[in-house]
Amino acid sequence: MKKIILIILLSSYGLFAQTIDDLKKSDSIYFYFSSSGSQEKKVSNEDSYTKDTIVSYSYFKNGKEFLGFRYSKYKNFDAIDAKKETYKQYHKKEFLIKNEQQIVDIKFLNKLSLHTFEFRNIIQGKKLFLIDDEEITGEKILIREVFINMLDAAICDDTENIKVTTVKDIPPFYYEMRSKDEFYTFLKPKKDDGNENLYVLFKPSNNTYKNSYKYTTLNGSIRSESKIQEQFTFKLTIKNQKVFFQLTNKRKQKMILLKKDDLFSGKYNTVSHEKLSTLSEKQFENLFSTVKNIYVVENFENSEFVTLKLVKISAEANDFIRKDYE
C-alpha cells in the first residue's frame, strides 16, 4: 500500500522533461520505467564472462521499439579490466523533484515527433540512468546507470543468411556499397606499411556516431563467448560529395592507457573530425601513407587518462549512415 501511495505522489511531481531543449542542456538524463503495454523489461541469463545478470528495458511507440536500454554490472570490457562497476545507488524520493527537468517517462516519449535515430542523437554522449518503479522501496528510489541497448548480432559462416550487397572499389580512396536502390560511399584510403601510429579523436556530435553491439562466432555448433564491437563513423564532405569514414574496434588488442598530456605533447600524430573535414584527397593520401596502426581516442577533453582503441578502417551501413541518405 505504501508503494502505491508513493508512486501516485511521484506521478504528481510531473515525471517528464519539459522540453527537448531541457535534455540538450543536461549532462544526465533519467528514464522512469513502469511495466505496461508500451514498456517491457527482460532479465537475461548470467553472462559467462562477467558472471552478471543483464536487465534490458524497452519503450515502444506505435507497436515498435522506440528505445532500449541495458543495465549490467560492467559497461564493457574496459570497465571489467578496470574493475569499475556501473553506478547503482538509492536516493531519497526528493531526488525526483530536484531533477524533474531531466526525467523522461513514456508519456513524454509518446509526445515526441522525433524518430528513434533523432532522439538517440540528442541523448548521445550523456549519462543515462533509469528508475524502475518496481525498485521503489519506502521513501527511497534506486537509480541505475544504463546504456543504449544496441543489436546483439551473431556472426557465423551460414551463407544462406548473408544479404547480397554490391560493392565497388573506386581507387584510390573510395568504397561504394549498393543495396537495391540505396548506395553509400565510404572513405577507404590505402594504409601503407608505415611506421607511425595515427590517433583519431572521437567526440559525439551531429556528424559523428558510435555504434556498439555484442557479437558471437560459431565454430560448428559451438558458440563463442559474447564479444563487444565498437564502430566509430565520421561524416565528411570531399569535393562536394558526402562520404563516411568508419573505424571498427573488435577488442583484438588490450587497451593502452596514456596520460592526456603525453598524447597532446606533439610526439603523437593526432587528428580530429574537424581536421579530417578540411583535408583534400591528396592530404588524405599523405596522412595515411606513413600509418602503421590507427587508434580511436574517446573522452580526451575531460579525462586525465585516455583509452586508446586499436581500430581498422571498415565500411558498414549503420543507422547513422542510412538516415543521412534518406
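The values are calculated or read from the model by the stated rules, or taken from the named source; none is laboratory data. Only a predicted model underlies this, so the values are computations on that prediction, with no experimental measurement involved. Reconstructed Cβ throughout: ideal geometry from the backbone, glycine too, with neighbour counts over all protein chains shown. Only protein heavy atoms, including side chains, enter the accessible area calculation; ligands, DNA and RNA are left aside. Shrake-Rupley method; radii C 1.70, N 1.55, O 1.52, S 1.80 Å.
Does SER56 satisfy being farther than 25 Å from SER205 by Cβ, open to solvent by less than 20 Å² (accessible area, probe 1.4 Å) and of a type in the set (Ser, Thr, Tyr)?
Working: farther than 25 Å from SER205 by Cβ: yes; open to solvent by less than 20 Å² (accessible area, probe 1.4 Å): no; of a type in the set (Ser, Thr, Tyr): yes.
It is false that SER56 is farther than 25 Å from SER205 by Cβ, open to solvent by less than 20 Å² (accessible area, probe 1.4 Å) and of a type in the set (Ser, Thr, Tyr).
Scan segment 259-277 and tell me whether some residue there is charged (D, E, K, R), surrounded by fewer than 13 Cβ atoms within 10 Å (Cβ to Cβ), within 14 Å of ILE313 (Cα to Cα) and touching a strand residue (DSSP E or B) at 6+ places or on another chain (Cβ under 8 Å).
Keep residues of segment 259-277 that are charged (D, E, K, R), which gives 259-262, 267, 274-275.
Within this subset, residues satisfying the condition of being surrounded by fewer than 13 Cβ atoms within 10 Å (Cβ to Cβ) are 259, 261-262, 267, 274.
Filter again for within 14 Å of ILE313 (Cα to Cα), leaving none.
No, because not a single residue in segment 259-277 is charged (D, E, K, R), surrounded by fewer than 13 Cβ atoms within 10 Å (Cβ to Cβ), within 14 Å of ILE313 (Cα to Cα) and touching a strand residue (DSSP E or B) at 6+ places or on another chain (Cβ under 8 Å).
Among the residues of segment 302-323, write down those that are under 20 Å from ASN121 (Cα atoms) and open to solvent by 40 Å² or more (accessible area, probe 1.4 Å). Steps first, please.
Within segment 302-323, the first condition is being under 20 Å from ASN121 (Cα atoms), and the residues that meet it are 316-323.
Matches in segment 302-323: GLU316, ASP319, ARG322, LYS323.
Take segment 135-147 and flag every residue that is under 19 Å from THR53 (Cβ atoms), assigned to a strand (DSSP E or B) and of a type in the set (A, V, I, L, M).
Within segment 135-147, LEU142, ILE143 qualify.
Could you list all residues from segment 278-326 that are among the small types (Gly, Ala, Ser) and in contact (Cβ under 8 Å) with a residue 60 or more places away in the chain? Give the derivation first.
Restricting attention to segment 278-326, the residues satisfying the condition of being among the small types (Gly, Ala, Ser) are 280, 289, 303, 314-315, 317.
Matches in segment 278-326: SER289, SER314, ALA315, ALA317.
Test of understanding: among THR270, THR278, THR307, which residue is assigned to a loop (DSSP other than H, G, I, E, B), assigned by the TED database to the domain that holds GLN241 and hydroxyl-bearing (Ser, Thr, Tyr)? I'd like the intermediate steps shown before the answer.
Details: THR270 fails: assigned to a loop (DSSP other than H, G, I, E, B); THR307 fails: assigned to a loop (DSSP other than H, G, I, E, B).
One residue alone meets the criteria, THR278.
Starting from segment 60-73, take each residue that is under 28 Å from GLU85 (Cα atoms) and list its partners that are open to solvent by 40 Å² or more (accessible area, probe 1.4 Å) and modelled with pLDDT of 85 or more, counting only C-beta distances under 7 angstrom and pairs at least six apart or across chains.
The qualifying pairs are PHE66/PHE60; LYS73/GLU85.
Results for (1) at pLDDT below 65; (2) out of contact with any Asp or Glu (no Cβ under 9 Å at 6 or more places or on another chain); (3) open to solvent by less than 20 Å² (accessible area, probe 1.4 Å); (4) under 30 Å from THR86 (Cα atoms), shown as yes or no for each residue.
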{"residue": "LEU128", "(1), (2), (3), (4)": "no, no, yes, yes"}
{"residue": "GLY138", "(1), (2), (3), (4)": "no, yes, no, yes"}
{"residue": "LYS163", "(1), (2), (3), (4)": "yes, yes, no, no"}
{"residue": "PRO172", "(1), (2), (3), (4)": "no, no, no, no"}
{"residue": "LYS180", "(1), (2), (3), (4)": "yes, yes, no, no"}
{"residue": "PHE183", "(1), (2), (3), (4)": "no, no, no, no"}
{"residue": "LEU187", "(1), (2), (3), (4)": "no, yes, yes, no"}
{"residue": "LEU198", "(1), (2), (3), (4)": "no, yes, yes, no"}
{"residue": "ASN207", "(1), (2), (3), (4)": "no, yes, no, yes"}
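Answer with yes or no whether PHE147 is farther than 30 Å from TYR32 by Cβ and either at pLDDT 80 or above or open to solvent by less than 80 Å² (accessible area, probe 1.4 Å) (or both). Outline the logic, then answer.
Working: farther than 30 Å from TYR32 by Cβ: no; either at pLDDT 80 or above or open to solvent by less than 80 Å² (accessible area, probe 1.4 Å) (or both): yes.
Spelling it out, it is not the case that PHE147 is farther than 30 Å from TYR32 by Cβ and either at pLDDT 80 or above or open to solvent by less than 80 Å² (accessible area, probe 1.4 Å) (or both).
Within segment 1-97, which helices (runs of 4 or more DSSP H) (wholly inside it) include 1 or more residues that are at pLDDT below 80 and β-branched (Val, Ile, Thr)? Break it down stepwise before answering.
Values: elements: 2-12, 20-25, 77-82.
Result: 2-12, 77-82.
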